[in-house]
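Undergrad: Could you have a look at this structure, given as structure tokens, before my questions?
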Amino acid sequence: MLSAAEVDATARAIARAQEPSGAIPWFPGGHTDPWDHVESAMALTAAGRYDEAAAAYAWCRRTQRADGSWPAKVVGGRVEDAVTDTNFCAYVAVGVWHHLIATGDEEFAAAMWPVVRAAVDLVLDGQRERGELVWARGPAGWADEALLSGCSSIHQSLRCALALAEYVERPQPDWEVALGRLVHTLRAHPEAFADKDRYSMDWYYPVLGGAVRGRSGLDRIHRRWPDFVVDGLGVRCVADRPWVTGAETCELVLSLDALGRRGPAREMLAAMQHLRESDGSYWTGYVYADGKRWPEERTTWTGAAVVLAADALAGTSATSGIFRGDAPPAALPAGLPVGGSDCGCDAYVTGVPG
């Protein structure tokens, strides 16, 4: 386990990279994307740096486009990739709910509710009839592919968005239906998603995002553990490459914690500490075949994943249960149950993770 001083040092390293606008790029001078920006803001909140986190969410408010989206890549305030990534845009809901349960700031919730509502409505425009959400929209319209890891993350985002809607007393029954359709597809229709099973994110994200838990989640993690876990080093980003990455390792930590496997989770968090620098920042990854850190970047979002994993395992803060789905004041909403007849299959999936 990391000490409180070590967590604070990592949060300070993230805060040092934050730009005057509130944007949190990958590293000083690097680009900002909406998902990793929010992840870094969540780490600042978890470490008690509420002012810096609030500045990050203010950046979200100011830079949200009229349709509810953000560009996929911004450098120094200039848009370098205008594509709308649905997972990137939805994740603001997780960050806002996380900050709210940490601070109880009702004014923050009121200010961010229109941002979350517009983002979620935009994302759900990309939902197909069966339930999956395509990954992006560009100048030519919506993409053809849906991604398992992205849709699993959106599952978590929709649950947090519904929790926020309930908090501000703005019920969104259409979101509940959309969430039920999505969780059905995540559990019953693997064919709905592009084949990316080389990547560890497709392995653990259905667990991390909350769609698959219990025995099904444990079986999923056990099945491909040998493909991705390198003892004493962490998790491979790609199954057939000798490259472990800190963020993927910490996301597996969060997944294991959500399954109640806290012992292995602690071991995984300890295993990736070889990526830590003396100032609390973290290198992105390590190519163990030749003993080199690669890429030669200490990314804010890697440090953020460490802080969130440490918070979850400590289990003492209001935010520690957000990925388990049991953060106060109540368990995250599960969406409306969907029967297989709704999509023509024989499966029936309840709204309860399992």
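The values are calculated or read from the model by the stated rules, or taken from the named source; none is laboratory data. Remember, it's a predicted structure, so these values are computed and weren't measured experimentally. FYI the Cβ positions are ideal-geometry reconstructions off the backbone, even for glycines, and counts take in every protein chain you see. With ligands, DNA and RNA removed, areas are computed over all heavy atoms of the protein, side chains included. Shrake-Rupley method; radii C 1.70, N 1.55, O 1.52, S 1.80 Å.
Undergrad: Would you mind finding the one in 133, 124 that is at pLDDT 95 or above, over 15 Å from residue 160 (Cβ atoms) and touching a helix residue (DSSP H, G or I) at 6+ places or on another chain (Cβ under 8 Å)?
TA: Within the list 133, 124, the selection yields 133.
Undergrad: Further question: Looking only at residues that are over 17 Å from the mean Cα position of the chain (by Cα) and among the acidic types (Asp, Glu) in segment 213-263, which one is nearest to residue 183 (Cα to Cα)?
TA: Per the criteria, the residue is 219.
Undergrad: Does residue 220 satisfy being open to solvent by 30 Å² or more (accessible area, probe 1.4 Å), more than 21 Å from residue 125 (Cβ to Cβ) and part of a helix (DSSP H, G or I)?
TA: yes
Undergrad: Now for a separate question. What pairs come up if the first residue lies in segment 172-183 and is at pLDDT 95 or above, the second is open to solvent by 10 Å² or more (accessible area, probe 1.4 Å) and among the polar types (S, T, N, Q), and their beta carbons are under 8 Å apart, counting only those six or more places apart or on different chains?
TA: If the second residue must be open to solvent by 10 Å² or more (accessible area, probe 1.4 Å) and among the polar types (S, T, N, Q), the pairs left are 178/127; 181/127; 182/127.
Undergrad: Give the residues of segment 288-310 that are part of a helix (DSSP H, G or I) and either open to solvent by 20 Å² or more (accessible area, probe 1.4 Å) or on the phi > 0 side of the Ramachandran plot (or both), sorted by residue number.
TA: Of everything in segment 288-310, just one residue is part of a helix (DSSP H, G or I) and either open to solvent by 20 Å² or more (accessible area, probe 1.4 Å) or on the phi > 0 side of the Ramachandran plot (or both), namely 301.
Undergrad: Could you tell me whether any residue of segment 46-60 is open to solvent by 30 Å² or more (accessible area, probe 1.4 Å), in a helix (DSSP H, G or I) and among the basic types (Lys, Arg)?
TA: Looking through segment 46-60, none of the residues is open to solvent by 30 Å² or more (accessible area, probe 1.4 Å), in a helix (DSSP H, G or I) and among the basic types (Lys, Arg).
Undergrad: With the structure loaded, tell me whether residue 80 is buried (at least 23 other Cβ atoms within 10 Å of the Cβ), charged (D, E, K, R) and on the phi < 0 side of the Ramachandran plot or whether it fails that test.
TA: no
Undergrad: Now for a different question. Do we find that residue 119 is of a type in the set (A, V, I, L, M, F, W, C) and either crowded, with 20+ Cβ neighbours inside 10 Å or over 21 Å from the mean Cα position of the chain (by Cα) (or both) in this structure?
TA: yes
Undergrad: Suppose we keep only residues that are in a loop (DSSP other than H, G, I, E, B) and either polar (S, T, N, Q) or open to solvent by 70 Å² or more (accessible area, probe 1.4 Å) (or both) within segment 164-192. Which one would you say is farthest from residue 120 (Cα to Cα)?
TA: It comes out as 169.
Undergrad: Out of the residues in segment 311-328 that are over 14 Å from residue 163 (Cβ atoms) and in a loop (DSSP other than H, G, I, E, B), state the one that is least open to solvent (accessible area, probe 1.4 Å).
TA: 320
Undergrad: Just to be sure I understand the filter: pairs with C-beta atoms under 8 Å, separated by 6 or more residues or on different chains, first member in segment 185-205 and under 13 Å from residue 345 (Cβ atoms), second member open to solvent by 70 Å² or more (accessible area, probe 1.4 Å) and part of a loop (DSSP other than H, G, I, E, B). Which pairs pass?
TA: 185/130; 189/130; 192/128; 192/130
Undergrad: In segment 240-287, which residue that is of a type in the set (Phe, Trp, Tyr) and in contact (Cβ under 8 Å) with a residue 40 or more places away in the chain is least open to solvent (accessible area, probe 1.4 Å)?
TA: The selected residue is 282.
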